[in-house]
Every structure is written in structure tokens, then in C-alpha cells.
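Worksheet: one structure, shown below.
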Amino acid sequence: MTMTEVATTHPFHITREEAIRLRVAAERLVPSVLVEQPASFDDFVGQLMIPGPVMDLARKAANLRLSVQQTEAIRRHLAPMQGVEPGLLRRILVDKAEKDPSHPPYIRVACTGKGSYDGWATEFDYVDDLEPQPAGDYGSPAVLEIWPAQHYSPIHSHGHTTGIIHCLTGQLDIMGYGALAWDAPKKGLYTLTPGQTAWLAGDTYAVHKVFCPFDGNTDKPTGPGYLNNTDQFAASFHVYLNDDETAYYDNVDSRDNFHYIDENDHTEKVFTTYSDLSWRVLRQVLEHTELD
């Protein structure tokens, strides 16, 4: 692959040399983009400047994990269709890809409220009956996100909320940007592995792009309209609190709407943060999933 081809490849549009430089830049960011125990005086300063509400969220999320059964059941529902009925998550991915081919789809699971595809759990017989569901529809403060291999988000901003991204399983590469624009300066590239937590607050680290770098098992490179052919995935837990929920940041934005940059026409658009599933529904489906 030539240097030009590397530079124009999704998702980050950078060369290998630029990736190395941006990873070094991410390690030098102050405050630190990761919430972790410091190992040096420099690390301590970076951690010291992370806002208190962020540290509190990170401590509360530190021990979160998906169980082995949940992880393997998610794989079963992400598996490509091979002459059999698709799993719930693969069915959702296919539908989302048809409705919005601007970037590879991923799954948002609301830990409170409802999901747009909750009804599919019974409609396609993944479970017989559903537990009573709570009120609410979008803007959940806590979200599980499932990232299929080689799928990624557009560049997006989290509405000046205060929050964390906690990796549960797999691996995620995250690019931080200095503004919400297609040609925005890149601040740093970092990787999250299970147990690691990144953060955002106000305008700090609020604009980013998330990518699962696992092999998508196709000959087609990732990009708009991409849909992988594997059950490999990463999962992350996200918390986004509005200013009145932290009493820390003074702003008028909220998690109900995020702004993002369209991968095709490079313009800014608005995404209402509806989730695909609710955790109560997904948990039931996973519990009823037979594993070999």
C-alpha cells in the first residue's frame, strides 16, 4: 500500500508515521486523557487536573465487566448470516446500514429508558415475553456501545456533557480532535483495552471518533457503507451527564442531541441520541441465547 493510499484510508485518514506521532501526543496531553493510577510525577500532575466529577464516575465504573456468557452471547447475535436466521444484533446492524450508509453501524444500548428495536426481541422470537419496560426513550445517561470489527463512529461531539468511556471488552482506538469539523486538528490517538477509562468534560476531549480495529474478515476496506463478516467486537460503557446533574459545568447543551460530521459530504449534522436497544431487553435476549 502506498503512502497516499494509507493517508486517505478510513477511519482516521492518517499515515503510519502520523499515527505514531499522534499516539505520542496523546500520552503527553495534560490533563491526561486516561483515568488511571499515576506511575510518575508527570503522570500525577496529569491525573491531578482531571475534574472531580470525572474521577467519581471512573471510580464507580472501575469494576464493570461483561460476563463470559454475555460476551459469547453477543458474539452469537453479531455473527454473519450464513443460511440461518440472523441474531438480533446482526439484524439491527443490517437495518441500520441500509438506513444510514454514511458510516459503519454500531449498537447503542440504553441502560435506562427504551430502544428503537426493543420490539424485535419478541417479533423475531428471541424471547417469548419481555419484562415491563420503564418510561423514557432517548438521552440515557448511561449507554453500552457494541463496536463490530472495523466499524467506527463519525467525528462527533458530546454536547459539552461530563462523562467517561470505559472499555469492557476488546480494543478501541480513539482519535481526539480540537474542534468539530472534517479538517479539525487531531489532538491525539489512543487505545482503550478492558478496564481502561477515558473522559470528557465541557469542551475538553469532547470531540472524537471511535474505531474497533479488529479484522472485519472481508476484502473490502472499512468506510461508509461497510458491514463486516465476523462476530469480533469491542464493547464500551459510556456515561454522559448534563451540567445540572453534576452541578459543575455551566452550559445549555445536553446529551439528547450530539453533533457530528458526515463522512460523505463532510458537513455538520445533528443526531438525536435514540438508542437501538434497552439493556433490560438485551439482557433478557442474552440470557436466553443458547451457546455451544
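The values are calculated or read from the model by the stated rules, or taken from the named source; none is laboratory data. Keep in mind the model is a prediction, meaning the values are calculated, not measured. So basically every Cβ, Gly included, is an ideal-geometry build from the backbone, and we count neighbours across all protein chains shown. Heads up: the accessible areas ignore ligands, DNA and RNA and are worked out on the full protein's heavy atoms, side chains in. Shrake-Rupley method; radii C 1.70, N 1.55, O 1.52, S 1.80 Å.
Grab the Cα-Cα distance for ASP262 and ASP129, subtract it from 0.36 nm times how many residues apart they are, and report the gain in nm with one decimal. Before the final figure, lay out the partial values.
Working: separation 133, 0.36 × 133 = 47.88 nm, distance 3.81 nm.
Taking ASP262 through ASP129 to full extension adds about 44.1 nm, to one decimal.
Keeping to pairs on different chains or 8 or more places apart, tell me how many lysine pairs in the chain have Cα atoms under 29 Å apart.
Lysine pairs meeting the criterion: 23.
Counting other C-beta atoms within 10 Å, and keeping those with at most 10, which DSSP coil GluC sites (Glu not before Pro) do you find in the stretch 1-99?
none
For the chain, which semi-axes, largest first and in whole Å, follow from the square roots of 5 times the eigenvalues of its Cα gyration tensor? Provide the component values of the computation, followed by the final result.
On the way: eigenvalues 172, 112, 67 Å².
For the chain, the semi-axes come out at 29, 24, 18 Å.
Kindly work out what percent of the DSSP beta bridges joining two residues of the chain are antiparallel, to the nearest 5.
95
Distance in nm between label sites at PHE41 and ARG28, each 7 Å beyond Cα in the beta-carbon direction?
Rounded to a tenth, the inter-label distance reads 1.9 nm.
Which loop chymotrypsin sites (Phe, Trp or Tyr not before Pro) in the stretch 173-228, with loop taken from DSSP, have no more than 16 other Cβ atoms within 10 angstrom of their Cβ?
Values: sites: TYR177, TRP182, TYR190, TRP199, TYR205, PHE211, PHE214, TYR226; in loops: TRP182, TYR205, PHE214, TYR226.
Loop-located and lightly packed - TRP182.
Roughly how many Å² is the accessible area per residue of the chain, as a whole number, for a 1.4 Å probe? Write out the running numbers ahead of the final one.
Numbers: 13940 Å² over 292 residues.
Ligands and nucleic acids excluded, the figure is 48 Å² per residue.
Which of LEU78, LEU64, LEU168 moves the most in a Gaussian network model of the chain with Cα springs under 10 Å?
Top of the fluctuation ranking is LEU64.
Suppose the Debye formula is applied to equal point scatterers at every Cα of the stretch 13-120; what is log10 I(q)/I(0) at q = 0.13 Å⁻¹?
Debye curve over Cα of the stretch 13-120, log10 I(q)/I(0) at q = 0.13 Å⁻¹: -0.86.
Give the peptides 100-107, 115-122, 146-153 in descending order of average Cβ contacts within 10 Å, highest first. List each step's numbers first, then the result.
Values: 100-107: 21.4, 115-122: 19.6, 146-153: 25.4.
The peptides rank, most packed first, as 146-153, 100-107, 115-122.
For the chain, what is the charge dipole size about the Cα centre, in debye to the nearest 20, if Lys and Arg each add +1 at the Cβ and Asp and Glu each add -1 at the Cβ? Display every interim value, and only then the final one.
Values: 23 positive and 41 negative charges, 125 e Å.
For the chain, the charge dipole is close to 600 debye.
Hey, what did the stretch 151-292 get for relative contact order, percent, Cα under 8 Å, at least 6 apart?
Working: 278 pairs, mean separation 44.4, N = 142.
With pairs under 8 Å counted, the relative contact order is 31 percent.
Tell me whether the stretch 64-150 comes out rounded, prolate or oblate; compute the Cα gyration tensor, take square roots of the eigenvalues as a ≥ b ≥ c, and use a/c under 1.5 as the rounded threshold. Walk me through the numbers on the way to the answer.
Numbers: a/c = 1.30, a/b = 1.20, b/c = 1.09.
The shape class here is rounded.
Round to a whole number: what % of the accessible area of the chain belongs to carbon and sulfur, probe 1.4 Å?
Values: 7030 of 13940 Å².
Result for the chain: 50 percent of the exposed heavy-atom area is carbon or sulfur.
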